[in-house]
Amino acid sequence: MNHDTLSVSDSDVAYFTTFGFLHIPGILAASASAIAEAFEAVFAATTTVGRQGRAGVTRVAERSDTLRDLLLDDHRCPNVARRLLGAKASYVGGDGVRYDGATYWHRDGNHRELRLLKIVQYLEPLGPETGALRIIPGSHRRPAGWDGFAADLTDPAEQLGIAQTDVPAHIIECDPGDLIAFDPHSYHASFGGRDNRRQLTVTYAAEPGTALAQQELTNYLLADRSVL
């Protein structure tokens, strides 16, 4: 396949470091239909795991030649990961997921030193009222009151007197072919989306710099993904 070029600038890296996410519009737009077809083929051939409202297939990019080529073997996703996490960032998995309804405020794990990057694409156009990803900028930073912040977001109505949908956040409107790279320790959510929203992710880990980061990476790799 012929692939478009992608470079991540120093200002992009600074933006990600500050806010915890980076939106890259249209980089896979030419392949959006092929990606959607491959996604459906994988789901048709594979038993999903998960729970009500979130059915998924683990390591989805490894189950399709098309997805492997575009998401792993092509330079774009690995290049984003190496620029945002460091030259020795490594692929550690990813999922294909069908979502129903809202996903409330959460972060993916509470690692103290392990640095992760999730690169997401959605197979439908999404906006503020249709399930677009919402991220609280800067909420990935550690420690910086991390645990107190977690307590406040457990029940915004009780703790802050506001609805889940009124928590201040950046809403990332996107189209098929866009990539959203974000630190999964950022608080994120989605509201208003229709059922059967389709999401593809690939996840990268930074090279561990401490014994704790190495242990957290080992635990991450050994974790049971059967409940997604």
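Other residues lying with their Cβ under 11 Å from the Cβ of Leu123 contribute a combined charge of -2, Lys and Arg counting +1, Asp and Glu -1. Are there trypsin sites (Lys or Arg not before Pro) in the range 74-113 that DSSP puts in a loop and that have at most 15 other Cβ atoms within 10 Å, and which ones? Here the sparse-neighbourhood loop sites are Lys88, Arg112.
Are there trypsin sites (Lys or Arg not before Pro) in the range 156-228 that DSSP puts in a loop and that have at most 15 other Cβ atoms within 10 Å, and which ones? It would help to have the intermediate numbers written out before the result.
Working: sites: Arg194, Arg197, Arg198, Arg225; in loops: Arg194, Arg225.
Of the trypsin sites (Lys or Arg not before Pro), the ones in loops of the range 156-228 whose Cβ has at most 15 other Cβ atoms within 10 Å are Arg194, Arg225.
How high is the FRET efficiency from Thr18 to Ala44, r the C-beta distance, R0 35 Å, rounded to 0.05?
Numbers: r = 41 Å, r/R0 = 1.18.
E(calc), rounded to 0.05, equals 0.25.
What is the range 113-186 by shape, rounded, prolate or oblate, if you read a ≥ b ≥ c off the alpha carbon gyration tensor as root eigenvalues and call it rounded for a/c under 1.5, prolate for a/b larger than b/c, and oblate otherwise? In terms of gyration-tensor shape, oblate. Between Asp195 and Thr210, the distance separating the two model label sites (each 7 Å from Cα on the Cα→Cβ line) works out to 4.6 nm.
Roughly speaking, what is the stretch gain from Asp108 to Ile162, that is 0.36 nm per residue apart minus the C-alpha to C-alpha distance, in nm to one decimal?
Details: separation 54, 0.36 × 54 = 19.44 nm, distance 2.27 nm.
17.2 nm is the gain from fully extending Asp108 to Ile162.
How large a share of the accessible area of the chain, in percent, is made up of carbon and sulfur atoms when the probe is 1.4 Å and the other protein chains stay in place? It is 49 percent, rounded to a whole number.
Taking Cα pairs under 8 Å and at least six residues apart, what relative contact order does the range 62-206 come out at, in percent?
47
The values are calculated or read from the model by the stated rules, or taken from the named source; none is laboratory data. Note that this is a predicted model, so its numbers are computed, not measured. A quick note on method: Cβ atoms are made from the backbone with ideal geometry, for glycine too, and the neighbour counts reach across all protein chains shown. When the accessible area is computed, the model is the full protein with side chains, heavy atoms only, and any ligands, DNA or RNA have been set aside. Shrake-Rupley method; radii C 1.70, N 1.55, O 1.52, S 1.80 Å.
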